[in-house]
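Here is the structure we will look at, set down as structure tokens.
Read-outs throughout are calculated quantities, based only on the coordinates presented, and are distinct from any laboratory measurement. Keep in mind the model is a prediction, meaning the values are calculated, not measured. Note that each Cβ is placed from the backbone with ideal geometry, even for glycine, and that neighbours are counted across all protein chains shown.
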Amino acid sequence: MLKSVPSARDNGEKMIKGSYDVIVAGAGPGGSSVAKTVAEMGYSVLLLEKRQEIGSPKRCGEGLTMKTIDILGDIPKNCITRRIKGATVFAPNGNHVLIDYGEEGGYIIERKMFDKWLAMRASRSGATVVAHSEVTDVLKDGEKIVGIKATIGGEEEREIKAKVVVAADGVESTVSRKAGLDTTNQLVNIDSGYQYEMSNLKLENSKRIFLYFGNEIAPRGYLWIFPKGDDVANVGIGTGLTGRSAKYYLDKFIEENPGIFGQASIIEANSGAIPVGGFLENMVLDGFMVVGDAAHQVNPIHGGGLKEATLAGEIAASVIDKAIKKNDVSEKVLSEYSKIWWKERGSKLKKVEKLRQVMEKLSDDDFNMVSESLTGDVAIGLTRGGKMLSLAKILMKKPALVKLARHLI
């Protein structure tokens, strides 16, 4: 006689206890960072991911800087597809700036493998990780968040208690809304992104990334080619919300560049919203915190959020540790997370946001003029919140841009 086999849902239910020190909603880089760090401190942690497969579908160009790698430590080889040594940045007229990353290069990774690795690290540190499990609501005792409601394996909803709940559920962050923390962003701070993974491309150099700027190419944003192999790359775009879709501009660029894309095929398509500003002054409530894209913790120039989410997760974990040891997870105590983040990351990203606001006002002729004087070192510095004075001096060469340049000083 055949024995009955427990379903995945049954196994998921049995894995989960009725209460934890910390529950994290969302197993992206931010959520896994919190879960791993808190679990290493000896606390009980539950990390839930609503998607059936962690890391899929991917929602980024998959670029990773060496500075981020230094934070994460050794990354498994199966997560890496290409080592990148430089970038070529194109102005609307085709003029370009060459950037040599030197030892500070980076990688193009495979997010589907990378995010799983991050979740596995959290698991090996002691966290319980369960995919296909969505946080549907929070539990409250008065104004204090004391747990969650969640569907495990897409089945029955159940209640689970926690001392601290962390929302790391992406741009939309329904968990933050349920908790009562306003993470609404203005439309001006949201870009629309669309990306293809393509094969059989004719790439000039598969060890460099290629960035294209211009109001006809990518209004209020940029278009990218991130090589993943000799003839494979992520080809994507981020644009402001205009009358045309991001996909329209991406398809147009591909059609107008047959030398690169003439024989190429589309292997995968992805789309999504990208926060490019609107940082939150307050990221906590009683018993509640928000990290990563859910807290708009993204670089406003290039839209990268992996590094920011990881750092924010580590900061949040350190504050959780102090709060639980004090037996006080009030908003007042947890607010140290907001203070530390603003000191260590927010102030720099605010400068980058100001740079984005200035660049949005440049015409294609202005971009062309800037490209003639811009160096690779200055370009790298600008993405990190530095070299603002250098760009201001370039803009001041054109009398009509003097007033705009002053915003960078």
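Computed from backbone phi, the HN-Hα couplings of region 318-326 come to 5, 6, 4, 4, 5, 5, 5, 5, 7 Hz, rounded to whole numbers (Karplus: 6.51 cos²θ - 1.76 cosθ + 1.60, θ = phi - 60°; Gly and Pro given as x). Going 7 Å from the Cα of L241 in the Cα-to-Cβ direction, what parts of region 192-212 have a backbone nitrogen less than 20 Å from that spot? Label zone hits: 192-195. Restricting the count to DSSP beta bridges whose residues both fall in the chain, what percent are antiparallel, rounded to a multiple of 5? Antiparallel bridges: around 70 percent, rounded to the nearest 5. With Cα atoms as the point set, the radius of gyration and Dmax of region 354-408 evaluate to 10.1, 27 Å.
Phi-derived couplings, Karplus 6.51 cos²θ - 1.76 cosθ + 1.60 at θ = phi - 60°, listed residue by residue for region 278-294: x, 5, 7, 5, 10, 10, 9, 9, 4, x, 8, 9, 10, 9, x, 4, 4 Hz, with x used for Gly and Pro.
Contour minus end-to-end for L98 and K77, with contour as 0.36 nm per residue of separation and end-to-end as the Cα-Cα distance? Can you show the working numbers first?
Values: separation 21, 0.36 × 21 = 7.56 nm, distance 2.79 nm.
Residue separation times 0.36 nm, minus the Cα-Cα distance, leaves 4.8 nm.
For region 36-188, the Kirkwood radius over C-alpha pairs fed into Stokes-Einstein at 37 °C and 0.692 mPa s yields D = 180 µm² per second. Every helix of 4 or more DSSP H residues in the chain counts as -39500 (n - 2.57), and over all residues that averages to -9500 deg cm²/dmol at 222 nm.
FRET efficiency for the pair Q263 and T184, taken as 1/(1 + (r/R0)^6) with r the Cβ-Cβ distance and R0 = 35 Å, rounds to 0.20. For the options R111, R356, R244, a Gaussian network treatment of the chain with springs between C-alpha atoms closer than 10 Å singles out R244 as fluctuating the most.
GNM remark for the chain: springs join alpha carbons under 10 Å apart, and the peak mean-square fluctuation among K58, K361, K247 falls on K361.
Here the residues H302, H407, ranked from fewest to most Cβ neighbours within 10 Å of their Cβ, fall in the order H407, H302. 3J(HN,Hα) couplings calculated from phi for region 400-406 with the Karplus curve 6.51 cos²θ - 1.76 cosθ + 1.60 (θ = phi - 60°) are, in sequence order, 5, 9, 4, 4, 5, 4, 5 Hz; Gly and Pro show x.
Comparing E216, E49, E40 in a Gaussian network model of the chain, where Cα atoms under 10 Å apart are tied by springs, the biggest mean-square fluctuation is seen for E216.
Annotation note: GluC sites (Glu not before Pro) in region 248-334 located in DSSP loop regions with a Cβ neighbour count of at most 13 within 10 Å are E281.
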